[in-house]
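Each remark here refers to the structure printed beneath this line.
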Amino acid sequence: MSDSPTSKPMMLDLLKQYFGYDRFRPLQEEIISNVLEKQDSLVIMPTGGGKSLCYQLPALRLDGVTLVVSPLIALMKDQVDGLKAIGVKAEFLNSALTLGEMDRVRGQALRGELKILYVSPERFALAGFQTFLSHLNVSLVAVDEAHCISEWGHDFRPDYRQLGGLRRSMSDVPFIALTATATPRVRDDIVNQLGLNDPKRFVASFNRENLNYEVRSKRNAFRQLVEMLESRRGQSAIIYCYSRKETEEIAVDLDQLGFRARAYHAGMDAEARRRTQEGFISGEFPVVVATIAFGMGIDKPDVRLVVHHSMPKSLESYYQETGRAGRDGLPSDCVLLYSYGDKSRQEYFINRVENQLERQRLTDKLDEVVDFCQLQTCRRRYLLHYFGDESAPNGSMENNCQGCDVCSTPREEFDATVISKKIMSTIIRTGERFGITHVSNVLRGGRSQRIRELGHDVLSVHGIARDYSGDEIKEVANLLSAEGLIYRNNEEYPTLGVTDKGRRFLKERKQIFLSRPKTVEKPRRTKVDRHVEYDADLFEQLRELRLKIAREQGVPAFVVFGDASLRDMAAKAPKTLSEFSRISGVGALKLEQYGEQFLAEIRDFVSANPSRSSQNGLTRSINRNVRREGSTYAETRNLLAQGLSILQVAHQRGLAPGTITSHIEMMVSNGMNVDLSSSLPRKEDMGKIEAAIYQAGGPSARLSEVMELVGDEFSYDDVRIVRAHITQTNDAQNRV
Ligand code: ADP
Ligand code: ZN
């Protein structure tokens, strides 16, 4: 029946009319149906999964008011502003309101004028509030951040216990509890504490497809930060540090470089914290350098970068902190700067914890983070398995998740026999009592006082690896540890020892090959970015308009439109209101309120840039990207024209060969002619690859299919280059 309240067309209409979206995200639709059928629900969905919609949309369908319990006072106002901006009658009740405001909101609620009312949990302890509730026509209760009710969770809030009796006193009202982090134990606890009535459980995948995970070794951390921020000027970023002092120093330094950065930590006074937080949300301070205290109250959808300047305490916190990136579903980066020294620093504090069990727990958690940092396999898959998410990407894309540094970094094997033996001998000769730093100093011939005092400068191994850097030695040591040839002893001072397997290796005359990331620069981006085909200049212009409107209305910028909507506009360049209404995130009210203003801006832009107003939006923007990056493509093209091969160009430019190949593909697909004469494989090999390409369906065939046909004999890059050659030759023939 098409007019039943839970029918799909009806729900899709509401989704478009109010929220401006065309499709539900995974599970949203099932959850909403369950709520509308007045059943209880327990929803476990990662940050950014779209939990709010699961109660906001039913609220519009149901007769009375939907109560939303949320622990974060700072967040409520933004949520309510956002709802008002799409035409939903919403208000909040918390201690931030004056008595007068409180009365006004209560009156509206009692008169049935509100669809959604946000309430902070401590309200429920007040006798007056219970009376108020008993007069309300409540149609749905949503408990957000529901893990706060459980002592087993990481964020227990005693106030949440006030909700215990609520379920009984509202026996006809459906409840929905939502959280992003819940182990099975916490899940059960939520159900028990809230007294949920045989709730249906919805557990979404924890895979955040739009996040790119990367671990880099921490070298010159500040420079690494600047590089990352430089390529993302004006975009929101959170940098997590270990100490308060560090957050302040880094924030000041970054601010002086013009990044508009602010610090945030629990030691600052409430007013300063509020300023940082509000400035971050409004976009005034795009960069926040924070201790982990920052984030719980942050519901900013367009954070493009989260950096861990120090190691997180556990994988749970890592997942949660990185989860603050890209809530709007757009590609975002999570970069962890890893150094073994940071680990010791944290251990120092852990060792001061009195309770032995707790100390052990913290150590174990930290070790798990170290394991994660040293992974040689897909980081995404590891995280997902860690959280028991068996929907982890598997098998697809040649086992490449396309969103972590391990998967997207070409690796190379190298003969590590000699250096491995040197490292292991030195560990043994110094008595297996030292950490990697000391061992490495001895290997490199250091003459520090300590080395002399210990007599390590007269050992036969002293100075036998002078041609290696400390980092290189550490890297090999990590690999040896991963191979089980040496082990770490995590005492107060971490020491290295050689395992039985390692001792056997030292005696035998076998070679050892280890795999390490290629030393050339990595291809900067992965899958996600290549699909972003929109006009970057138009996007910037629309962002400015958005900021102006947000300032005039005193709301955060994303309340006007999210980045996802602006990108959609910058890709489609709508000309009419009806075209504009099809932009993602444009509902009826925003169409009416902002449609003309944004259309005018887009029209201005198009008439000022007539070359971009071609019919085919896609080609236009790709061309645009080629032009933007013109210099880098042009440089590649020039070097190729001088007769250099791809490898030589890569070497000369300090880029990965794969990157050069991508340049070539980009230029060829845009009809540019590129000299491939020095880069093509030998003639008979060419023939084999060409045959495979045609057998798989021609130049537009999927690479993976061609690869299956050619087998191990050729690399991806070989196939890509031959394919580009075919495309280019075909184009030339078509032109004649
Ligand atoms: P969560 O509370 O689970 O972290 P939110 O409810 O804040 O996530 O939603 C995250 C973002 O996704 C918001 O910007 C929201 O507008 C957007 N969103 C939610 N549902 C959809 C949908 N069906 N289509 C497109 N965007 C959506
Ligand atoms: Zn991966």
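The values are calculated or read from the model by the stated rules, or taken from the named source; none is laboratory data. Nothing here was measured: the structure is a model prediction, and the numbers come from that model. With ideal geometry, Cβ positions are generated from the backbone for all residues, glycine too; neighbour counts draw on all protein chains shown. Surface accessibility is based on the protein's heavy atoms, side chains included, excluding ligands, DNA and RNA. Shrake-Rupley method; radii C 1.70, N 1.55, O 1.52, S 1.80 Å.
For this structure, a couple of remarks:
- Applying a DSSP loop filter and a limit of 12 other Cβ atoms within 10 Å to the trypsin sites (Lys or Arg not before Pro) in region 284-378 leaves 352.
- Taking θ as phi - 60° and the Karplus parameters 6.51, -1.76 and 1.60, the scalar couplings of region 681-686 work out to x, 4, 4, 5, 5, 3 Hz in sequence order, x denoting glycine and proline.
- Distant-in-sequence amide H partners of residue 333 (H built 1.01 Å from N, under 5 Å): 212, 305, 306
- Principal-axis analysis of the Cα atoms of the chain puts helix 270-282 at an angle of about 80° to the longest axis.
- Hull-based mean projected area of region 48-109, where the convex hull spans the alpha carbons, in square nanometres: 4.7 nm²
- Along region 238-249 the Karplus relation, 6.51 cos²θ - 1.76 cosθ + 1.60 evaluated at θ = phi - 60°, assigns HN-Hα couplings of 10, 10, 8, 10, 7, 10, 4, 4, 4, 4, 5, 4 Hz to successive residues, with x for each Gly and Pro.
- Positive-end ranking of 154, 79, 179 along the dipole of region 8-203, with charges on Cβ about the Cα centre, is headed by 79.
- Once the Kirkwood radius over Cα pairs is known for the chain, the Stokes-Einstein relation at 25 °C and 0.890 mPa s delivers a diffusion coefficient of 84 µm²/s.
- With all pairs of different C-alpha atoms in the average, the Kirkwood value for the hydrodynamic radius of region 35-81 is 12.2 Å.
- Length gained when the stretch residue 220-residue 172 is fully extended (0.36 nm per residue, less Cα-Cα span): 11.3 nm
- FRET efficiency, 1/(1 + (r/R0)^6) with R0 56 Å, evaluated for residue 634 and residue 370 via beta carbons: 0.80
- Directionally averaged projected area (convex hull, Cα atoms, region 8-203), nm²: 10.1 nm²
- A dipole drawn for the chain from +1 and -1 charges on Cβ atoms has a positive end, and of 643, 43, 194 the residue lying farthest that way is 643.
- Taking label positions 7 Å along the Cα-Cβ direction at both residue 683 and residue 501, the computed distance is 4.9 nm, reported to one decimal.
- A 1.4 Å probe run over region 655-736, with the rest of the protein chains in place, finds 52 Å² accessible per residue.
- Residues with amide H under 5 Å from that of residue 138, placed H, sequence gap 5 or more: 65
- Diffusion coefficient of region 211-408 by Stokes-Einstein, Kirkwood radius over Cα pairs, 10 °C, 1.306 mPa s: 91 µm²/s.
- Between helix 588-608 and the chain: long-axis angle, C-alpha atoms, 0 to 90°, nearest 10: 40 degrees
- Note on residue 452 and residue 357: with the Förster distance fixed at 41 Å, the Cβ-Cβ geometry gives a FRET efficiency of about 0.45.
- Only Lys, Arg, Asp and Glu carry charge here, each on its Cβ (+1 for the first two, -1 for the last two); on that basis the chain has a dipole of about 960 debye about its Cα centre.
- Equivalent-ellipsoid semi-axes of region 134-200, from the Cα gyration tensor, Å, largest first: 21, 12, 10
- Kirkwood-based shape ratio for region 397-496, expressed as Rg/Rh from alpha carbons: 1.07
- Computed with the Debye formula from one identical point scatterer per Cα of region 627-735, without solvent, the log10 of I(q)/I(0) at q = 0.13, 0.16, 0.19, 0.22 Å⁻¹ comes to -0.46, -0.70, -0.97, -1.24.
- Portion, in percent, of the accessible area of region 195-341 that falls on carbon or sulfur, probe 1.4 Å: 47 percent
- Per-peptide average of other Cβ atoms within 10 Å, ordering 556-565, 366-375, 120-129 highest first: 556-565, 366-375, 120-129
- Per-residue ³J(HN,Hα) for region 220-230, Karplus 6.51 cos²θ - 1.76 cosθ + 1.60, θ = phi - 60°, Hz, x for Gly and Pro: 9, 4, 5, 4, 4, 4, 4, 4, 5, 6, 4
- Think of each Lys and Arg Cβ as +1 and each Asp and Glu Cβ as -1; about the Cα centre, that makes the dipole of region 411-516 roughly 340 debye.
- Residues residue 134 and residue 293, FRET efficiency given R0 of 41 Å [Cβ-Cβ distance, rounded to 0.05]: 0.60
- Within region 536-620: Cβ-based charge dipole about Cα centre, in debye rounded to nearest 20 (Lys, Arg +1; Asp, Glu -1): 180 debye
- Residues whose amide H comes within less than 5 Å of that of residue 287, counting only those at least five positions distant or on another chain, are 237, 262 (H built at 1.01 Å from N in the peptide plane).
- Residue 269 paired with residue 349, simple spin-label distance in nm, labels 7 Å along Cα-to-beta-carbon: 2.5 nm
- Degrees, to the nearest 10: 657-669 long Cα axis against longest axis of the chain: 60 degrees
- Estimated [θ] at 222 nm from DSSP helical runs (n ≥ 4, -39500 (n - 2.57)) normalised by residues in the chain, nearest 500: -14500 deg cm²/dmol
- Amide N of region 653-695 lying under 14 Å from the label point, which is placed 7 angstrom from the Cα of residue 227 along Cα→Cβ: 654-656
- Spatial separation of Cα centroids for region 49-72 and region 405-432, in angstrom: 55 Å
- Once the mean of 1/r is taken over each pair of separate Cα atoms and inverted, region 662-704 shows a Kirkwood hydrodynamic radius of 11.7 Å.
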